1. Would you mind checking the pairs K187/K308; K211/K248; K156/K185 and listing those with alpha carbons more than 18 angstrom apart?
2. In the stretch 14-107, what is the count of Lys pairs whose alpha carbons are under 29 Å apart, counting only pairs at least 8 residues apart or on separate chains?
3. If you stretched the chain out fully between L297 and L35, how much longer would it get, using 0.36 nm times the residue separation minus the C-alpha to C-alpha distance?
4. What is the ratio of the Cα radius of gyration of the chain to 2.2 N^0.38 Å, where N is its residue count, to two decimals?
5. Please give, to one decimal in nm, the separation of the simple spin-label points placed at F203 and K88, each 7 Å out from Cα toward the Cβ.
6. When only Cα pairs under 8 Å and 6 or more residues apart are kept, what is the percent relative contact order across the chain?
7. Sum -39500 (n - 2.57) across every DSSP H segment of at least 4 residues in the chain, then divide by the residue count to get the 222 nm mean residue ellipticity, nearest 500.
8. Given a 1.4 Å probe, how much area per residue of the stretch 260-363 is accessible, in Å²?
Amino acid sequence: MSFPGEDEERMSAAAEIKKYKDLIESADTERSRLLLEKAEAETEKRKAEAELQNCMEDEDMIFNKFNTDFQEVQEEMKSLDRGSQDLKRELHDLQKKLQLKRDESDSLQRKFKIEARILVKPVKFAGVLEREECEEADDQVQSVFTVTQRPSFLLKGGQALITFEEEKVAEQILRLAKCSVACDKAKMDVKPYTLSLDPSVKFEVHIQVSKKSIRFCNAPPTLPEERMRDRLELSFSRASRGGGEVEKLEYHRDTGSGRVTFLNTGVAENLVHRGKFCVDTGSDVVVDVLPLYEYELRKFQTYSGAPKRTVLLGGIQALMDEEDLQDHLEIHFQKPSNYGGEVENIKYVPEGAQLTAFFTEDVKEKEE
């Protein structure tokens, strides 16, 4: 038995229940989807965290490698800098030593520079030599050299040397206390001085070079002295080695040197040109071959040069450049109104510089 309206309520309740079941199923489905997405997100998160960790580790490794490389580069730069500083110090020391050597060389050149000339002398036939004298002359080459040291003078800054064609012009200039030289709009007073040179020397060198004899050295005493002498004489007598018949041989065991005299000329000259000779002492030994000569100094003379046509000018001010100032000096001293005359040569040295002037024999004065 049912009450009126009960079926409707039952149907309504059933519909309501079905509705809630659908909602529950929909909620379960959504929940499952969300859980799946969460799981996938967790997986992606763990993957991203792993990748981030790897990146951080790589970054740390790269950073550490960079620091290591940077420190190595810094150490290498420091080492190169130290090496550069050492090289600079060494270069500076070498430059100082070079300058000292140059100064020493300049000083020695100024003091000892000489000029060697072979004189050309007229000769004439004076007769026939005796046989012994002729043989002695044939065995030697005789030469005579005349060596003359050129007088020199160290010309300092603010000085000039001027040489006139006539001696009387130089004498006139030297009588003046000072010379007023016009340089464009300015004037300067130049003082003339008599030039005095250091003594110089002149001598002859007589040289006699043997045509038959030579010297040798660097022959080690690998054998007893007599056997060594025999081996040397045998080797020097072999034409196949460039030698010839030996007249006399001397050997000094303590120095490993000696001399050889051949019977004929020509052998010694050929061996000297070669400079080396192979000696058979059981094993081949190469010795040095040198010419045998004697020399003698003769006619050693000391003389003092007196440049009578040359005047030293001092107190020159640098009012213009070197070339223009030298031209003004030359023009001034060429004028007869300034007690000057024709100038043969002039050389001006500016402030801060110096120059060594060399003098030769005054041929013009000698001819007069």
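The values are calculated or read from the model by the stated rules, or taken from the named source; none is laboratory data. Quick caveat, the model's predicted, so the values are computed rather than measured. Cβ atoms come from the backbone with ideal geometry, glycine included; neighbour counts cover every protein chain shown. Side chains are part of the model used for accessible areas, which takes the heavy atoms of the whole protein and leaves out ligands, DNA and RNA. Shrake-Rupley method; radii C 1.70, N 1.55, O 1.52, S 1.80 Å.
1. Values: K187/K308 28 Å; K211/K248 14 Å; K156/K185 26 Å.
Over 18 Å apart, Cα to Cα: K187/K308; K156/K185.
2. Close lysine pairs under the 29 Å cut-off: 11.
3. On the way: separation 262, 0.36 × 262 = 94.32 nm, distance 12.36 nm.
Roughly 82.0 nm would be gained on extension.
4. On the way: Rg = 52.8 Å, N = 368, 2.2 N^0.38 = 20.8 Å.
Cα Rg divided by the expected 2.2 N^0.38 Å: 2.54.
5. With each label placed 7 Å out from Cα toward Cβ, I get 5.1 nm.
6. Numbers: 503 pairs, mean separation 80.6, N = 368.
RCO, the chain: 22 percent.
7. On the way: 7 runs with 162 residues, N = 368.
Counting only the DSSP helices, I get -15500 deg cm²/dmol.
8. Working: 6150 Å² over 104 residues.
Accessible surface, normalised per residue, equals 59 Å².
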